[in-house]
1. What whole-number value in Å² describes the accessible area per residue of the chain for a 1.4 Å probe?
2. For residue 176, list the aspartates and glutamates whose Cα falls under 18 Å from its own Cα; do not include residues on the same chain fewer than 8 positions away.
3. Work from the charge dipole of the chain (Cβ charges, +1 for Lys and Arg, -1 for Asp and Glu, about the Cα centre) and give the residue of 73, 656, 418 farthest towards its positive end.
4. Would you check the accessible area of residue 749, probe 1.4 Å, heavy atoms only, in square angstrom rounded to 10?
5. Just to be sure I understand, if you calculate semi-axes √(5λ) of the Cα gyration tensor in Å for this structure, which of (1) 64, 36, 27; (2) 57, 30, 24; (3) 58, 34, 32 do you get?
6. Give me the net charge of residue 149's neighbourhood, meaning all other residues with Cβ under 13 Å from the Cβ of residue 149; Lys, Arg count +1, Asp, Glu -1.
7. Under a straight-distance cross-link criterion of Cα-Cα below 18 Å, which aspartates and glutamates are reachable from residue 729, leaving out those fewer than 8 residues away in the same chain?
8. Between their Cα atoms, which of 152/262; 580/744; 454/668; 359/595 are more than 31 Å away from each other?
Amino acid sequence: MVHTRQRSRMIDCLNKFQGSVKAQLSESKKHAESIKGEIIIQHTHAKSGLAKPIRIQLYSLNDSSTREGKLSQEVHLNHGKRIHNKLNGNTCVKYELTFEADRDFGFPGAFVIWNQHKDKFFLQSLSLQVEFKQMVHFECNSWIYPNHLMQKERIFFSNTCYLPSQTPNGLLQLRKQELDTLRGDGTEGRIREWHRTYGYDFYNDLGDPQRGERPILGGSIHYPYPRRGKTGEPHIHSENVKGMMFKIDSCIPPDERFSPQKQSEFAKKVIQATLHFVVSQGGSVSREETNQFKSFNEIKELFSGKKSQGVEEWMIKKLEAHLPKEIFKEIGQGIKDYTAKFPMPQLFAGNELAWKDDKEFGRQMLAGINAAVIQCLQAFPPRSKNGIWSSIRRSHIEHNLDGLTLQEAMNQWRIFILDHHNYLMPFLGKINKNGVCAYASRTLLFLKDDATLKPLAIELSLPGLSPGTEIHRVFRPGGNGSEAALWQFAKAHVGVNDSGYHQLISHWLKTHAVVEPFIIATRRQLSVMHPIHRLLDPHFKDTMHINALARSTVLKGGGIIEKTLYSGEVSMELSSSLYKEWRFDEQSLPGDLLKRGMAFHNPDCRAGVQLLFEDYPYGTDGLEIWVATKRWVNDNCLHFYKDDNSLRSDHEIQEWWSEIKKIGHGDKCNETWWYPMTTLSDLVEALTTLIWISSGLHASVNFGQYEYVGHPLNHPIKCRNFIPMEGTKEFAEFLHDPDKFFLKMLPNRTEITLYMALLEVLSAPTSDEVYLGQQRSPNWIDDVWVKQRFEQFAEELNEVDKRIVERNADPKLKNRQGPSNIPYKLLRPAVSNVKSCQGITAIGIPNSISM
């Protein structure tokens with residue numbers, strides 16, 4: 001009886017407890033909400049899938065007791081579905097998710113993800129649907145490494161932008177925590193594949209300074225230089241750098257690396273270019289005397305004809321000796337898709353004798369790959385920094401000014417100079433050894449009535465026998481015979497100077513090198529939630545990776561540049577010397593044009609400057625892009641900052657600018673030309689300049705390289721003989737066979753084809769390129785006004801592109817095509833015609849320095 005009563009009481013208690021639990025569950029459902037979402041993973045090395053080892057949790061914008069936002073319940077990845085990504089053509093895996101959270105959870109502002117799998121994976125995006133069917137997007141595009149390597153979860157913020165003072169309380173701590181992670185504490189040592197820390201370092205990885213190989217660049221008065229990203233990699237001795245030997249892997253933060261798709265494409269480009277190099281050497285590299293070109297026809301045979309030669313077994317064996325294993329293995333079954341010979345540069349496909357034409361020689365200074373060097377001559381005759389006057393006299397040129405006196409031509413701003421004299425003279429003693437014969441050159445040109453440039457004279461200089469003296473030779477255009485041949489030789493030596501300046505200064509220093517500190521400072525000081533970070537991020541894609549590859553293969557002691565360019569072992573030292581004259585404000589396009597005397601102030605023009613003459617393709621097209629970009633940047637800044645005070649009180653932007661000046665470009669920290677960053681106009685000018693360098697300027701100096709320099713006769717990279725003096729044995733040899741002497745003056749086959757292979761790799765963008773006026777994803781920002789304004793920017797660029805096409809077709813604009821019959825297209829945006837942006841002769845301006 002007692003047991004029966006006890007049993008009855010226990011059943012009553014249990015029923016009451018179950019009723020209470022049901023009531024609590026029912027009540028909790030009233031106070032909970034479900035947030036639906038989908039997460040897309042683009043790439044994984046996991047053979048068995050990802051599934052439960054991946055955990056995700058949302059943070060709300062609302063404050064909690066921890067000031068980190070309220071947390072949802074955790075979810076795990078389950079039952080992924082393969083999909084085709086229409087944006088990049090890749091196959092991805094999509095997981096549908098449901099997050100449970102309190103009813104007052106509010107809007108999600110961030111999420112954290114744990115990877116307890118043994119493999120990394122590439123996280124593309126997360127999209128959430130919240131109340132009233134509103135969408136919250138997270139663009140991630142990041143490698144997620146296993147927790148046992150990372151030691152902490154990864155944080156991602158939504159695509160909504162906040163200035164620091166506007167950050168929701170729930171995200172304040174997370175914002176600070178993420179920036180602290182990216183800055184590191186300085187004790188990281190060598191950067192590993194999964195390390196996300198950003199730091200600065202000198203250029204101490206070009207060779208071993210303790211072995212006297214190459215000086216450290218940066219951090220000294222003698223060798224100033226922009227800082228690079230810190231890797232902690234050991235020095236590689238110059239004798240260990242062989243052939244092409246491109247590395248793809250590099251110790252940089254994972255979010256700066258090529259996508260898996262680009263990594264594969266880049267490897268294939270290296271294979272193709274190296275194959276061309278190997279085949280161009282024949283079955284084996286011969287002795288030096290037989291490694292020289294014997295005829296112009298031998299040079300022509302480097303290039304493919306209408307029928308491409310197939311790949312043979314001996315070529316593959318040679319190829320393996322020139323490539324790292326991780327690249328060679330990419331060949332696979334696709335070897336049949338490769339060609340054995342170099343493609344013909346379009347410059348010569350249009351007119352194979354254009355390289356000899358004086359009109360083309362002058363045109364390329366306005367519409368070639370180094371069109372931002374020519375200057376309007378301010379005083380005649382030119383004068384060296386050490387006070388030595390040029391040997392070019394009035395009598396050398398005045399007869400060739402179309403009826404004008406020299407003074408009249410100067411007064412009308414019609415005398416121009418391509419000046420490779422002052423910066424080169426101190427280095428010629430080091431350069432002119434080991435079979436290299438280089439001059440410092442000055443080229444004077446006259447602006448004709450049809451706006452074409454007519455060469456007037458070339459001065460080639462060498463250091464004199466006693467200190468502070470110079471030896472000059474002046475050459476003038478000649479009609480026929482030996483005089484014409486000597487003039488052609490002089491133009492070749494100018495081309496050598498221009499090739500070196502283009503690659504080391506216009507291309508490497510003034511785009512790749514000077515931008516890298518801005519990237520590092522942006523990652524360290526601006527939260528990804530900051531609107532300026534969101535604005536700049538597309539313009540930094542892949543830059544740190546391509547820079548690291550360049551240092552490890554192209555620029556390093558014994559690398560491709562030292563093996564091919566005339567400047568040899570002093571190449572980077574020369575680059576450092578010219579950094580002494582670098583000014584960020586003069587890299588704005590209007591500032592650069594004014595400095596070179598190619599434009600003058602005119603407030604009635606949209607760019608604030610007016611070109612001296614309109615048929616300057618680089619200047620005309622560039623200014624249109626500059627104006628459209630600056631309008632977009634200005635409107636974007638005004639959308640987020642209400643006045644100058646809001647800029648001055650933005651501690652992230654102030655610390656960003658301070659770090660760029662004091663550390664990133666620390667050797668220039670005391671210069672007075674830096675923008676003070678106290679007004680919105682300072683910010684707009686700085687941002688527009690940075691975007692211009694990363695997009696338009698880089699496109700203009702990079703993607704035409706193979707087209708203009710890929711043929712060794714147009715822009716030689718070094719000369720192996722000086723121009724002979726009358727009365728010498730060499731002059732008699734020259735008179736006997738000028739063509740043979742010219743070919744003997746050129747670099748040997750190995751040097752020429754190695755450089756051609758490099759240019760082939762650099763000159764074509766990959767298929768994942770994102771162009772000016774485009775974004776990687778339509779959900780790149782959760783701000784309707786900004787999206788609409790960006791669409792207007794893209795449309796403005798489309799209109800610019802149409803006008804460029806019209807100018808290229810205008811027969812009155814002689815510099816648009818010239819004797820080579822190639823329209824100037826290096827600054828065509830082509831936003832609406834992305835498919836045309838493929839191949840070596842690319843159209844389109846990539847957002848970033850990505851190649």
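The values are calculated or read from the model by the stated rules, or taken from the named source; none is laboratory data. None of these values were measured; they are calculated from a predicted model. Backbone-built Cβ (ideal geometry, glycine too); neighbour counts: all protein chains shown. When the accessible area is computed, the model is the full protein with side chains, heavy atoms only, and any ligands, DNA or RNA have been set aside. Shrake-Rupley method; radii C 1.70, N 1.55, O 1.52, S 1.80 Å.
1. Per-residue value: 42 Å².
2. Candidates past the 8-residue exclusion: 63, 68, 153, 185, 650, 652, 655, 659.
3. 73
4. 40 Å²
5. The value computed from this structure is option (2).
6. Summing Lys and Arg as +1 and Asp and Glu as -1 gives +3.
7. Hits, sequence-local ones excluded: 483, 737, 739.
8. With Cα atoms farther than 31 Å apart: 580/744; 454/668.
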